[in-house]
Amino acid sequence: MSIAFGLPLALAALAALLIPLLLHLDRRRSLQTIQFAALRWLGSGHPPQRTLRVIEWLLLILRLLLIALIALWLAKPLLLGEWRAAQRWVAVVPGVSAAAIDANTTSGDRLVWLTPGFPAIDLQEINQPASQNRHDTASLLRQLDSELQSADRLRVLVPSIVRGLDAQAIILSREVEWQIDARAVAAGAPETDAPQTPHSLAIRFDAASAAALPWLRAAVSAWATSPALAVNVSIEPDDVPITEDIDAIIWLGSAPPEAAMRWVEAGASLLHAPSTAAAEDPPAEAMSIDSSHWPGSLRRVGRGQLIALAAPLNPLHVPQLHDASFALELHQRLFGKAPSPDRAFAAQVEPSVVARDMPAARTDLRQWLAWLIAGLFALERLLASGHRLRRAA
C-alpha cells in the first residue's frame with residue numbers, strides 16, 4: 001500500500017505550522033531592576049541573559065497536529081492498494097439446495113445470496129429469499145465482481161437452470177468457481193417462467209417460386225437454435241388452404257387470395273414476394289449492392305400488416321439472403337422483436353474472464369481525516385478554555 005495526493009500543492013499549507021509556534025513562545029522581556037547600596041562597588045557585570053521558552057506544550061502539540069491534518073485533507077490523500085487481506089466469497093443463486101450450500105462452504109467464507117444487497121446467509125437457518133426468480137442473476141454477478149478486491153476469490157453456486165439472464169455473456173474480471181447443483185432443477189419456478197408458446201407460420205408457394213424455399217428453410221433452421229425464436233412452420237403449395245391458427249404467412253407467387261387476407265385482418269403478418277420482378281431485372285453486378293427490395297414496404301391491414309416485396313425472394317434481387325443476420329431480420333419482420341432469453345442451462349452460461357487493466361484500488365482518506373480533525377479541534381478548544389480559566393483564577 002502507498003499514499004498518493006490528488007492535490008499535492010495543498011501541502012504548502014504546512015507552512016502555517018509556524019503560527020502556533022510563534023504564539024507559544026514566551027516573549028516577555030520586561031525586567032524589574034532593584035537597586036542595593038552595597039552593590040554599587042561591584043562594578044558593572046554582564047547583563048542578565050534572557051532565553052526563549054515554549055509554554056503550554058500539550059496545547060501546542062494539538063494545534064500543530066490540527067494544522068498538519070488540515071493541510072493533508074486539502075491535499076486529497078488516497079490510499080493505493082488493498083487495505084485488507086484477500087477473502088473467499090461464495091455467492092448463492094436462489095434455488096440452490098441447503099445441502100449444496102453446506103457442502104461447498106468452508107470456514108472463513110463470506111456466504112451471500114446473489115440478490116440485491118447481497119444479504120448474508122446464516123448456515124444455521126437457510127431460508128430462500130422471497131421473489132427469488134425475479135432477480136437479475138447476470139447483472140448482479142457482474143456487480144459483485146466489480147465490488148470485490150482484485151485478490152478476492154469467488155465461488156458461485158447455481159441451480160442447473162439459471163434464470164435472470166440478459167442478452168449478453170457473463171464476462172468477469174476474475175476466475176470463478178462455477179458449481180452447479182444438479183438437484184436444484186427448476187426449483188421454485190413460477191408458472192410464468194414456463195416456455196412461451198411458439199409462433200406459427202404458414203408458407204405457401206407456386207411452382208415459379210419454389211426456388212426460394214431453401215433460403216426460407218435455412219432461416220427456419222436458424223430459428224430452431226433459440227427457444228425465444230421457436231416457430232411452428234407449415235410449407236405447402238399455394239392451393240393448400242390455411243386452416244390452423246397462425247401468426248404469420250409468407251406468400252410466394254401471385255397476389256395473396258382473400259382467405260389469406262382475412263388472416264391479416266385478424267392480426268397476422270403477411271410477407272408477399274412475387275414470382276417475377278415488377279420491372280425488368282437490372283444487371284447482376286448492380287444487384288450485388290442493391291438493397292431496395294428488402295425489407296419491402298409495409299402497410300396496416302385491419303389488425304395485421306402486409307409486407308410487400310417488389311421482386312422475387314432470391315439472391316439476385318435480395319442479396320441480404322446471404323447475410324447471417326437475414327434469419328433474425330425475417331423473424332423480427334414477421335413476429336416483432338423476440339424477447340431476450342432469460343434462462344439457460346448453467347453449464348452453457350459459465351462466466352468467462354477478460355483480462356483487464358484494473359486500476360489500483362483507491363481509498364479516499366478525506367472522510368476519516370475530517371472526523372479526526374473535528375475531534376482534535378474539540379479537544380483543542382477544551383484545553384484552551386481550561387488554560388484561560390486557570391489564568392483568570
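Here is how the numbers come out for the structure above:
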read-out: Distance from the range 85-103 to the range 199-259 (C-alpha centre basis), Å; value: 49
read-out: Net length gained if the chain between ALA224 and ASP102 were fully extended (0.36 nm per residue, minus Cα distance); value: 40.0 nm
read-out: If the convex hull is drawn through the Cα atoms of the range 123-182, its volume per residue in Å³; value: 116
read-out: Rounded to the nearest 20 debye, dipole of the range 301-351 from Cβ charges on Lys, Arg, Asp, Glu; value: 260
read-out: The range 68-128, dipole about Cα centre (Lys/Arg Cβ +1, Asp/Glu Cβ -1), debye to the nearest 20; value: 360
read-out: Calculated diffusion of the range 84-172, Stokes-Einstein form, Kirkwood radius summed over Cα pairs, 20 °C and 1.002 mPa s, µm²/s; value: 159
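Rule-based calculations on the coordinates, nothing more; no lab input. Note that the coordinates shown come from a computational prediction; the quantities given were computed from them, not determined experimentally. Cβ sites come from the backbone with ideal geometry, for glycine too, and all protein chains shown count toward neighbours.
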